[in-house]
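These notes are about the structure you will find just below.
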Amino acid sequence: FHKQKGHIVLLKALPFILKQAPHTHVLFCGEGSEEARLKVMAQDLGLEGHVRFVGLIENAYQMLSQIDIVVVPSLWEGMPNVVLEAMAAGRPVVASRIEGMDEVVVAGETGLLCNPGDPHSLADALLKLIKDKSLMKRMGRSGYDLVRQRFQISTMVEQTVQHYRKLLG
């Protein structure tokens, strides 16, 4: 848990989400310098019954099979592996609209993008999926298809070889 990951934005969005979807639960996986602060904030916001901190997960794929939506509210970063892992597991992704994220999260197809640092934008995106299970499933399938088409090792190796051939003329 580090500031750049935007976990605090998700905590701030959760009270808005719970007003319309009171059975929502959030799992925070990992550890880091912001963990204690996030736990205190969850308690201060009265979210204890809706938020669980589960620590480091050795088998992320196993955890992904037990959840509906993967949320990546990062304020800045490259392309986090969890997005590809989520899509490979057939889960839709709600992520911040930051540089590089839209290369993988195709808004309206494989997931939804929200404004970075904006709890209301994040809550709106999550509620759209929470309220529409068929949309959630459709986006999960689209993400799965995208990962299989663009991010298989054989595809990535071939693209790299083609790039080198182009550079070498």
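Find the accessible area per residue for the range 13-124; the probe is 1.4 Å, ligands and nucleic acids are left out, and the unit is Å².
It amounts to 52 Å² per residue over the range 13-124.
When only alpha-carbon atoms are used, what values of Rg and Dmax, in angstrom, describe the range 1-67?
Spelled out, the Cα radius of gyration and Dmax of the range 1-67 are 12.1, 33 Å.
What's the FRET efficiency of VAL40 with VAL161 using the Cβ-Cβ distance as r and R₀ = 45 Å, to the nearest 0.05?
Working: r = 51 Å, r/R0 = 1.12.
Plugging the Cβ-Cβ distance into 1/(1 + (r/R0)^6) gives 0.35.
Using r as the Cβ-Cβ distance of SER154 and MET79, and R0 as 25 Å, what FRET efficiency do you calculate, to the nearest 0.05?
0.80
Calculate the dipole size of the range 18-169 relative to its Cα centre from +1 charges on Lys and Arg beta carbons and -1 charges on Asp and Glu beta carbons; express the result in debye to the nearest 20.
Details: 16 positive and 18 negative charges, 114 e Å.
That gives the range 18-169 a dipole magnitude of about 540 debye.
Project the alpha carbons of the chain onto their principal axes and report the range along each, largest first, in whole Å.
Principal-axis extents of the chain (Cα, largest first): 61, 37, 29 Å.
Taking all protein chains in place and a 1.4 Å probe, what share, in percent, of the accessible surface of the chain do carbon and sulfur account for?
Numbers: 5050 of 9830 Å².
Taking all protein chains in place, the chain shows 51 percent carbon and sulfur surface.
Given the range 69-129 reduced to its alpha-carbon atoms as identical point scatterers, what log10 I(q)/I(0) does the Debye formula return at q = 0.17, 0.23 Å⁻¹?
-0.45, -0.85
Can you give me the distance in nm between label points at GLN4 and ASP132, each placed 7 Å from the Cα along the Cα-to-Cβ direction?
3.3 nm
Below 8 Å, C-alpha to C-alpha, sequence gap of six or more: please give me the relative contact order for the chain in percent.
On the way: 255 pairs, mean separation 37.9, N = 169.
Value for the chain: 22 percent.
The values are calculated or read from the model by the stated rules, or taken from the named source; none is laboratory data. Everything numeric here is computed off the predicted structure, so don't read it as measured data. Neighbour counts run over all protein chains shown; Cβ positions are idealised from the backbone, glycine included. The protein model used for the area step is the full one, side chains on, heavy atoms only, and it has no ligands, DNA or RNA in it. Shrake-Rupley method; radii C 1.70, N 1.55, O 1.52, S 1.80 Å.
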